[in-house]
1. Hey, with R₀ at 30 Å, roughly what FRET efficiency would LYS72 and TYR129 work out to, going by the Cβ-Cβ distance, to 0.05?
2. In what sequence do LYS200, LYS144 fall when counting other Cβ within 10 Å, fewest first?
3. Grab the Cα-Cα distance for LEU177 and LEU150, subtract it from 0.36 nm times how many residues apart they are, and report the gain in nm with one decimal.
4. May I ask which of LYS44/LYS70; LYS108/LYS194; LYS44/LYS72; LYS72/LYS200; LYS72/LYS188 have a Cα-Cα span longer than 21 Å here?
5. By how many nm would the segment from SER219 to TYR15 lengthen if fully extended, with 0.36 nm per residue of separation less the alpha-carbon distance?
6. Compute and list, largest first, the equivalent-ellipsoid semi-axes of the stretch 104-233 from the alpha carbon gyration tensor, each √(5λ) rounded to a whole angstrom.
7. Considering Cα pairs under 8 angstrom that are at least six residues apart, work out the relative contact order of the stretch 117-226 and quote it in whole percent.
8. Looking only at Cα atoms, what is the convex hull volume of the stretch 42-189 per residue, in Å³?
Amino acid sequence: MKNLRDFPRDVVDLYFADYSEGVLAGSALEIVGEEIVIQAGLIKFNGRIYLLTEAERIAYQPTNEDMIIKIKFPTAEESNEFKTWDSELLLSSGTELAENEFELGRFKLREGAKLRTDYNEFSDFATEYNTVNIIHVKYSNLGKFTMHPLIMDFFAHKILNSDTDNQFDISFAMQTLQARTVSRELIKSYLTRKLELTQKSYSNLEIYNYLTQIIRQLSRYQFKNTQMKRENKILID
């Protein structure tokens, strides 16, 4: 990954000037055999935009402990013509980040298990073992970083595929699917109104847990409706 030195820097910096730190585009994770593949993408870090021009790979193995996938941004290297900010892709134990590191995901892999990046249920995003956790990854947005688009898209589809007639939920779900990334303020506003929460800052994990709570409420509502329909059908028969 290199700083965008080969592009019109003034244009790029101006366009993303009001965007927060985080993933701007791409940088998705995929598991291929015993390697984690990081797709090409853009990341804004400490006010500077970095470009991953092609996919990169890093080997992994089961350790039964927390592992974090991260990018380390060292200090700039100067030459007569320009500065370069080369970065390093790392996989290390624990979940802590240094000031010059950026998280792409984390996982805990058991011996004999396979690591995965596919999510079939909303709860899969928080699965403790054998699944890459992307809840803590920062995605760039105007003003403040926000949640991973995969998480928000999954939540929105859960709402729209349900039996709910709550227009507040439906409106939020439709706005979510229309946006590349959903504003953190919009997510917080939805959660505080929906769950009557206190107006304050919430971490990515807290936001995810509240979204999970809404999905569980929705599931109970659907179950109740199904039971009522069955009872009505029995009465009619």
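No value in this document is a laboratory result; all are computed from the given coordinates. In this text the structure is predicted, and so the values were computed from the model without any measurement. Glycine gets a Cβ as well: all are built from the backbone with ideal geometry, and neighbour counts include every protein chain shown.
1. Details: r = 26 Å, r/R0 = 0.87.
For R0 = 30 Å, the calculated efficiency reads 0.70.
2. In order of increasing Cβ crowding within 10 Å: LYS200, LYS144.
3. Contour length minus Cα-Cα distance gives 8.7 nm.
4. Cα-Cα > 21 Å for LYS108/LYS194; LYS72/LYS200; LYS72/LYS188; rest within.
5. Values: separation 204, 0.36 × 204 = 73.44 nm, distance 4.15 nm.
Taking SER219 through TYR15 to full extension adds about 69.3 nm, to one decimal.
6. With the √(5λ) rule applied to the stretch 104-233, the semi-axes are 26, 22, 13 Å.
7. For the stretch 117-226, the relative contact order is 26 percent.
8. Spelled out: Cα convex hull of the stretch 42-189, divided by residues, is 143 Å³.
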